[in-house]
Amino acid sequence: MKKIITASPEGTEGWGFKIGESLKIKEAGIVFLYGDLGAGKTVFIKGIASALNIPKRDVGSASFVIVAEYETSPPFHHIDLYRLERDDDIEALGIWEYIDSDGITVVEWAERLSEVPEEILKEAIKVRISHCNENSREIIIEGVPDSLFA
């Protein structure tokens with residue numbers, strides 16, 4: 001587990017980029033993002049997407065789409081569970097199929113996933129983002145090698 005304090009949205013995005021680069025090399029991965037509304041989850045995802053050559057302007061909060069798919073190599077899926085209220089919704093939308101698919105899947109509001117299988121939790125990178133002040137964020141990252149922080 002690593003705790004980072006960023007001083008700006010660009011710093012938060014930069015850490016997302018680092019995670020994205022490591023996932024691009026592996027050509028796969030799951031990232032679960034946790035944090036309050038406005039904490040910086042989408043900014044972090046823009047960094048991951050940038051590592052996959054997806055323009056930042058093409059990545060937004062998927063709150064109204066729920067799942068945004070990008071035809072990159074590897075494929076990139078951005079899932080936003082903000083509007084989902086019941087476990088039945090997650091099943092009906094096939095969220096678990098995305099999580100279990102090839103490529104990179106990032107899940108915002110991951111706390112809304114109940115009963116995540118242990119094998120998925122073990123493999124997933126978990127990122128918790130919280131406000132320090134207007135521009136600064138505390139980011140806690142679990143599930144990545146220490147070499148990423150060098």
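Read the figures in this text as sums done on the coordinates, not as results from a lab. The model shown is predicted, which means the values in this text are computed figures rather than measured ones. Glycine gets a Cβ as well: all are built from the backbone with ideal geometry, and neighbour counts include every protein chain shown.
Look at the dipole of the range 2-120 built from charges on Cβ: of Leu84, Leu33, Ile4, the Cα furthest out on the positive end belongs to Ile4. Within the range 1-123, antiparallel bridges make up roughly 25 percent of the DSSP beta bridges whose residues both belong there. Panel order for Arg83, Arg137, by other beta carbons found within 10 Å of each beta carbon, from fewest to most: Arg83, Arg137. Mean residue ellipticity at 222 nm, helices only, the chain: -8500 deg cm²/dmol; runs of at least 4 DSSP H residues each add -39,500 (n - 2.57), and the sum is divided by the number of residues. Structure remark: mean-square fluctuation, Gaussian network model of the chain, C-alpha springs under 10 Å; the largest value among Ile90, Ile125, Ile25 belongs to Ile25. The distance linking the range 62-128 with the range 33-55 is 14 Å (Cα centroid to Cα centroid, whole angstrom). Put in line by how crowded their Cβ is, counting other Cβ atoms within 10 Å and starting with the fewest, Asp36, Asp89 read Asp36, Asp89. Among Glu69, Glu119, Glu111, the largest mean-square fluctuation in a Gaussian network model of the chain (Cα springs under 10 Å) belongs to Glu119. Electrostatic tally near Phe17: other residues with Cβ closer than 12 Å to its Cβ, Lys and Arg +1, Asp and Glu -1, net +1. Taking the Cα centre of the range 2-120 as origin and assigning +1 to Lys and Arg Cβ atoms and -1 to Asp and Glu Cβ atoms, the resulting dipole is close to 800 debye.
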